[in-house]
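Student: My questions will all concern the structure given below.
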Amino acid sequence: AAPEAPAAASAPKFTGMTEFVGTAIGDTIGLVIANVDPSLHEKMKLDPKFRSIGILGARTGAGPHIMAADEAVKATNTEIVTIELARDTKGGAGHGSLIIFGAEEVSDARRAVEVALKELSRTFGDVYGNDAGHIELQYTARASYAINKAFGAPVGKAFGLIVGAPAAIGVLMSDVAVKTANVELVGYASPGGGTSYSNEVIIMITGDSGAVRQAVLAAKDAGKKLLEAMAGPAPSSTTPYI
Amino acid sequence: AAPEAPAAASAPKFTGMTEFVGTAIGDTIGLVIANVDPSLHEKMKLDPKFRSIGILGARTGAGPHIMAADEAVKATNTEIVTIELARDTKGGAGHGSLIIFGAEEVSDARRAVEVALKELSRTFGDVYGNDAGHIELQYTARASYAINKAFGAPVGKAFGLIVGAPAAIGVLMSDVAVKTANVELVGYASPGGGTSYSNEVIIMITGDSGAVRQAVLAAKDAGKKLLEAMAGPAPSSTTPYI
Amino acid sequence: AAPEAPAAASAPKFTGMTEFVGTAIGDTIGLVIANVDPSLHEKMKLDPKFRSIGILGARTGAGPHIMAADEAVKATNTEIVTIELARDTKGGAGHGSLIIFGAEEVSDARRAVEVALKELSRTFGDVYGNDAGHIELQYTARASYAINKAFGAPVGKAFGLIVGAPAAIGVLMSDVAVKTANVELVGYASPGGGTSYSNEVIIMITGDSGAVRQAVLAAKDAGKKLLEAMAGPAPSSTTPYI
């Protein structure tokens, strides 16, 4: 499983920098800037109302980070400013990510990053991988603004994310999910559209919380069987949560 | 050669899923869906006439898969629906792929995937790699619909594909190819256009079958010399076929 | 540091090809074509005035190659024709590159490639990496046409390039740089815009040479601290030059 397993976070080292918040699984780093320089603020196209930003960036993983950011905006006085998905080389067939929180006070930005970093050990729980690829499942009973920003899913409703790589696996997982329960298919992304050319098929579903969860779990079972048929055991990155 | 060599297929494991067809070299998996769910069918923008799809997906390789799919559509009652190239991290400087066959009957979709999986050990034959990069050559005396879909090359005519990575090698291979024989240059792709930002220069040629084959072989000789100058021996992934 | 360290160039092997110029760090190869085939010339959209081209391509690194090419155009009778950035898998979170020099005489193209290959051991000097990512700093007191072509920075003025990966690090380095000294922010690139979906934030700065250098060095200090907090020592690829 080594080539596809996200790096666990080592103990954050002392940097002596006030901007440093911490690190987490997936080569993730959390930072804050109390007063973004005006010239940079403009080039980054930040909303003028935010002096401060929180920064969550990772080599491996986008779904776990978006889900963690979603909890962070629920828990803090911040907004999601941008979510960008890199075609990184650490995550195997998948994405890395850059998520920026906007806040009026740096203490809010810091708190959002802290919450997100802490959530990541949970949201990596249903990422399963082996040498042939990975699958990822995410579920929340109530989507907030990060999920809305990233996937266009409605705020306040149950949300499920289903990812399979190589993309072929994701196609089948998608079909299994939408046949399993009465859910609404919000989006479909594939190497040629909606991803940063990653080797994934990704669907986003919404609906009744029981139905969404059931669809996600059925997709998980199908995806794990296929990954295992390709390259043997495909363990969870941390501990399954769904 | 390890980092650039595609993974050989291990014996396909039993999955208990009727959708599973098999696996092949390059972390390739073949699947079928007998009746694609209507909501997914719509999001995938599939032609309504196809109830069934065959799915061929890989972490490593796009050219070999397109060539194999081309043989599969010749041999079966299917059509190529989509060909997508992922910027994967398993193929070194190159692409992974997702190819979808459309069929009215699932037995046809299954047969297409079976043919394609079987062809891959041949079509990987002129993929040569080492730690510095890879070159790929493909040739057919008669192009069919997968080649037409992917590269815009005329159906029924001889077709050659020439790939070099890093892209610098591909530029020189291209020049050697078109100077060697009287062939028509159908297309040119590079990191900045026509690829999914892969580090490859790719040309597609058509013309008289003898001329196309001669151009492809001359490009191979030049490309192998350059790869070998960078990082030593660059062996075939399987057995050369051209 | 292994996964992120660019490959050192081994002694270039004899290829027997007049087009081969040499190799360098970062899986870089240098080539020339004396008379580009007319059909390829057209597909590559080369300016008709250039019969000859020099080709500089790499698996790892774009900044070092652009800076090296910049010195090459200063020193030779050539122009920069294209600069393309691949989303390669060798450079970890970063880019590979393909740079083409145009020349009327092949001897000029060859000389440009030779100069660029030689410069690379210097321009890789302020690339620092470890398992978590990399940072890159570039500085010149006088930008020339490669820098202008790639980044839109003014010719003849001091120029600095600041890169951080994962992208989160680059955001903070950028803020530190523009706050340190009175420099002009020429450009900002991130995974979602201006890169080939690489996991980097990149800024380009111009201004008084002392100010640009000071800003670049401050960004370096911040970036190194963050990389080291993530994954320990982050050494230079060769020898720092700024």
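Student: Within the set of pairs 6+ apart or on separate chains, which have a first residue in the stretch A:182-202 that is in a loop (DSSP other than H, G, I, E, B), a second that is open to solvent by 40 Å² or more (accessible area, probe 1.4 Å) and at pLDDT below 90, and C-beta atoms under 6 Å apart?
Tutor: Cβ pairs passing all conditions: A:191/A:197; A:196/A:85; A:196/C:197.
Student: If you go through the stretch C:67-91 one residue at a time, how many are within 14 Å of chain B (Cβ to nearest Cβ), β-branched (Val, Ile, Thr) and touching a Phe, Trp or Tyr at 6+ places or on another chain (Cβ under 8 Å)?
Tutor: Qualifying residue count for the region: 2.
Student: What do you reckon, is residue A:110 touching a Gly at 6+ places or on another chain (Cβ under 8 Å) and among the charged types (D, E, K, R)?
Tutor: In short, yes.
Student: Consider the stretch A:184-219. How many of its residues are farther than 13 Å from residue A:165 by Cβ and surrounded by fewer than 23 Cβ atoms within 10 Å (Cβ to Cβ)?
Tutor: Residues meeting the conditions: 18.
Student: OK, next. In this structure, is residue A:184 charged (D, E, K, R) and within 30 Å of residue C:199 (Cα to Cα)?
Tutor: no
Student: Within the stretch A:219-242, which residues are away from chain B (no Cβ under 12 Å), part of a helix (DSSP H, G or I) and small (Gly, Ala, Ser)?
Tutor: None; the set is empty.
Student: Identify the single condition in (1) within 9 Å of chain B (Cβ to nearest Cβ); (2) in a strand (DSSP E or B) that residue C:21 does not satisfy, given that it satisfies every other one.
Tutor: Against the list (1) within 9 Å of chain B (Cβ to nearest Cβ); (2) in a strand (DSSP E or B), residue C:21 comes up short only on (1).
Student: I'm checking my understanding of the structure. Among residues of the stretch C:25-34 that are modelled with pLDDT under 90 and open to solvent by 10 Å² or more (accessible area, probe 1.4 Å), which one is nearest to the other protein chains (Cβ to nearest Cβ)?
Tutor: Going through the qualifying residues, I end up with C:27.
The values are calculated or read from the model by the stated rules, or taken from the named source; none is laboratory data. Treat the numbers as computed from the prediction; the structure is a model and nothing was measured. FYI the Cβ positions are ideal-geometry reconstructions off the backbone, even for glycines, and counts take in every protein chain you see. SASA here: full protein model, heavy atoms, side chains in, ligands and nucleic acids out. Shrake-Rupley method; radii C 1.70, N 1.55, O 1.52, S 1.80 Å.
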